Each structure stands twice: as C-alpha cells, then as structure tokens.
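For reference, the structure discussed in these notes is given below.
The values are calculated or read from the model by the stated rules, or taken from the named source; none is laboratory data. Just so it is clear, the structure is predicted and the values come from calculations on it, not from any experiment. For neighbour counting, all protein chains shown are included, and Cβ atoms are generated from backbone atoms with ideal geometry for every residue, glycine included.
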Amino acid sequence: MEPPEVRLENSDTVYDFYLTHRQNRLKAWGAYAILGRRYHPRVSYAEGARAGLRAAIKQGRPLLISINHLSENDPYTVAAAAWRSGLRPVIGRTRVLAKDELFVEDEQRRKIDMMGGIPVFRGKDHGIRAVNAAGQRMMDICAQRMAAGDGVAVFPEGTCNEVDPTQVQAVGSGIGHIAFRAMKLGAEPVLVSMAMSYGPRTDPTVQPTKEEAMGASFYFGVPIAELPTKPGDIARLVRTDLQQALDGAVAAY
C-alpha cells in the first residue's frame, strides 16, 4: 500500500496504512545510532529501572513509553537517548506518536516513517470536534499495534511545555485510553517513564537550540508492570510517575 497523504479528511485511509506499516529496522537502527553520536545524551536510571526494563523486553511485554515534551528537538534527542539506553532492543518495534504536520513534506515524512511515526491530528490544530473521530481511530490503532507486540511512545502533555520545564504539565486521557484499549485486546503493557532535561531555562517559552539540546539529561523511572483498569486512573498515574522521572532528570543534569 502506497503511503496516503496525511490529511484530517483522509484520516481513515491514513490509519489503515499505519495499522500495518513496518519501518525498515536496519535503517532505523542506523539513524538512531547517528543521532546518539550527534546529541550524546546522558542517561541515568532509578534504582531497579534498568533491570525492570530489561525484564519487560525479555518477556515480550509491549512498552508504553511516556516522555515529557520540551522542544521541537525532542524527537531527535529522544531517539538518541533510546540508542544509548536500555530501549535499544526495541528500536524498530516501537511506534512514536507525532503531530500530523511532520508528515506533510516528503523528505521529512520518510524520516518520520522510518523512525516509527504515527500521525496525530491535534485538537489545538484542527478543533476538538473535528478531530474526535480521527483521535478515536488513532487510539484503536495504537492499541492494536500493542496487542501485536509493538511498543508505543507518547508525549502525553500533547504540546511543548512553555511554562516550567521542571514540572510535567496536564496529561490528557489519550494515553490512558490507549493502554486501556490495548489491555482489552489482551495486551499487557508496561509503563516506562522517560524524562528529559535540557538544563535550567531562563525563559521556558524560548526553546533550546540544537547545540543546547546536546548532552541532555534523560532519566528512566522503574517500569510499572501492573496498570489501573480505568483510562483516567492510568493518565493520573502517568503524570505522577513522569514527574518523578523528571525530578531525576533535572537532578542528574
């Protein structure tokens, strides 16, 4: 199937494509390795986190990776950190939610597709009512991918944090619905909080440059293997756990 044009009015066809789309894993590994060398992030773990991550991957449990969102550079620094962390074995088997505008330009889309992207049509861009059906389908697709064994990485704040880079902002219910729907399909997702810090920011509305994004601090919380049964409870757990990881990333910077 040829990649369809990523437009809201074409969302059914878009998600039909991403239900089965497979990235080239070797190319993904190469790209992540290059980013790892370029950004050389520093990665640290809560006590027991690395062993817990290794165990979840060995068991074949799908990972629901929750990441705070600070800048437009995040997809690249996160990929760099994935290469230099315990996530390396799941590169090529993890889908990453990304805003739909990243899929418009052909060359950029090839890169996003190669890195596992799934487009998200955001309410802030298109209107809440307009994106409702597409959002429901997107969550179903993510759940189905998890039930098939893939991980899913989410920036649950939904947009860049321009308020306080040391505090996780409001987390939408979407990540909870993805986990809930995956569990209904028989998957056993493991929540992995992966937080980043680019260091102190005098003005949080000014994003770090590429140079300033180098050497970022990443911190993994202990994976949570048993999740609540309600989407809202899952979302609240995500925010609390991600904040703990962010505290670790800030302290380790």
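Data table
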quantity: Members of the stretch 186-220 that are under 17 Å from the mean Cα position of the chain (by Cα) and hydroxyl-bearing (Ser, Thr, Tyr); calculated: 193, 197, 217, 219
quantity: Test: residue in the stretch 133-154 that is in contact with a strand residue (DSSP E or B) (Cβ under 9 Å, 6 or more places away or on another chain), of a type in the set (D, E, K, R) and at pLDDT 95 or above; calculated: yes
quantity: Positions within the stretch 158-167 being touching a helix residue (DSSP H, G or I) at 6+ places or on another chain (Cβ under 9 Å) and within 11 Å of residue 70 (Cβ to Cβ), in sequence order; calculated: 159, 160, 165, 166
quantity: Criterion: crowded, with 20+ Cβ neighbours inside 10 Å and under 23 Å from residue 35 (Cα atoms) - qualifying residue of 115, 146, 139; calculated: 115
quantity: Residue 121 vs. criteria of a type in the set (Phe, Trp, Tyr), crowded, with 23+ Cβ neighbours inside 10 Å and within 26 Å of residue 223 (Cβ to Cβ); calculated: no
quantity: Any helices (runs of 4 or more DSSP H) falling wholly within the stretch 140-253 and containing at least 3 residues that are in contact (Cβ under 8 Å) with a residue 60 or more places away in the chain; calculated: 174-184, 231-252
quantity: Members of the stretch 197-232 that are surrounded by 18 or more Cβ atoms within 10 Å (Cβ to Cβ) and in contact with a Pro (Cβ under 8 Å, 6 or more places away or on another chain); calculated: 197, 198, 201, 216, 217, 218, 227
quantity: Answer residue from the stretch 1-43, given it is touching a residue at least 12 places away in the same chain (Cβ under 8 Å) and among the small types (Gly, Ala, Ser) and is nearest to residue 119 (Cα to Cα) among those; calculated: 11
quantity: Selection within the stretch 89-111 - closer than 20 Å to residue 153 by Cα and either in contact with a Lys or Arg (Cβ under 8 Å, 6 or more places away or on another chain) or without any contact (Cβ under 8 Å) to a residue 24 or more places away in the chain (or both); calculated: 91, 92, 93, 95, 98, 99, 100, 102, 103, 108, 110
